[in-house]
Amino acid sequence: MKYLKKYKFLIFLLICFILGFVTMPLFHNGYIRTLLNTFSLVKWYWQVLIIIGILFLTIFLHELAHFLTFVFMGIKNEVMIVFMFLFYKDKDNKWRIKINPQLLLLGGGLVWPNLGPINNDEDFKKARKAMQTSLLVAPLFTLISGVLFLLICLIFFYKTFLVPISFYMFLFTMFYTYTSTLESSQIIGDFKAYKKIKNDDDFSNLIILQ
């Protein structure tokens, strides 16, 4: 990495040259114009609804990735929150859904796993591994799925209404990926939390044993 830093400007120029070489034919063949025209296929008010729908969908899929990762790691889940929608288990261990507008203050979603009793080192290691994996898988899934969907639409469906949908999804994907790298006194992104749980024993104890 230190070696690459010495040549980062040359690498930047090389990337710009490659991108320019690849994208130049697209402008001459009318590809870019075709892409831009796809936005006019959808009325502005439908685009507003599409943006809201994609916002909900991307958050839901992100939290579902957390949820399913815990299940795969042998950990049961108690709660999943997506905006104002609360998915929870009742006394009969059945999943229910409840709407609570106050949950919008969370600004997104949340999955709360039931790590079970932590009686020994093996229990702690299992819970720690599950937390690490979930915190890594969800943002990676969000990033990869958003990029792949955009590429598929740009290659195979570049004349259809799927282009603006994939574009908005990509923007949300980049935003979520960026926030996953942030840390403040009130919030911590998935990537940051992953590193802290992996390397910081005190932080792991605080999260797992709370």
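All of the numbers you see were taken from the coordinates with simple rules; none came from a lab. Keep in mind that what you see is a predicted model, and the values were worked out from it rather than measured. Counting neighbours? That spans all protein chains shown, and the Cβs are built from the backbone with ideal geometry, glycine included.
Before moving on, here are some points about what is shown:
- Selection of the range 89-115 for residues being more than 22 Å from Tyr176 (Cβ to Cβ) and touching an Asp or Glu at 6+ places or on another chain (Cβ under 7 Å) yields Lys89, Arg96, Asn114.
- Subset of the range 144-164 (residues that are part of a helix (DSSP H, G or I) and over 20 Å from Gly53 (Cβ atoms)): Ile144, Leu151, Leu154, Ile155, Phe156
- Hits in the range 165-210 (condition: assigned to a helix (DSSP H, G or I) and touching an Asp or Glu at 6+ places or on another chain (Cβ under 7 Å)): Lys192
- Complete set of residues in the range 55-89 that are among the aliphatic types (A, V, I, L, M) and in contact with a Leu (Cβ under 9 Å, 6 or more places away or on another chain): Ala65, Ile75, Val79, Met80, Ile81, Val82, Met84, Leu86
- Against the numbered list (1) buried (at least 17 other Cβ atoms within 10 Å of the Cβ); (2) free of Cβ contacts under 8 Å to residues at least 60 places away in the same chain; (3) within 30 Å of Phe39 (Cα to Cα), Thr142 comes up short only at (2).
- Taking the criterion of being under 26 Å from the mean Cα position of the chain (by Cα) and without any contact (Cβ under 8 Å) to a residue 24 or more places away in the chain, the residues of the range 94-122 that qualify are Trp95, Arg96, Ile97, Lys98, Ile99, Asn100, Pro101, Gln102, Leu103, Leu104, Leu105, Gly107.
- Selection count where residues are buried (at least 16 other Cβ atoms within 10 Å of the Cβ) and farther than 19 Å from Phe170 by Cα, scope the range 49-81: 10
- Residue count for the range 106-117 under the criterion of being assigned to a loop (DSSP other than H, G, I, E, B) and surrounded by fewer than 19 Cβ atoms within 10 Å (Cβ to Cβ): the result is 4.
- Subset of the range 118-139 (residues that are part of a helix (DSSP H, G or I) and surrounded by fewer than 16 Cβ atoms within 10 Å (Cβ to Cβ)): Asp121, Glu122, Asp123, Lys125, Lys129
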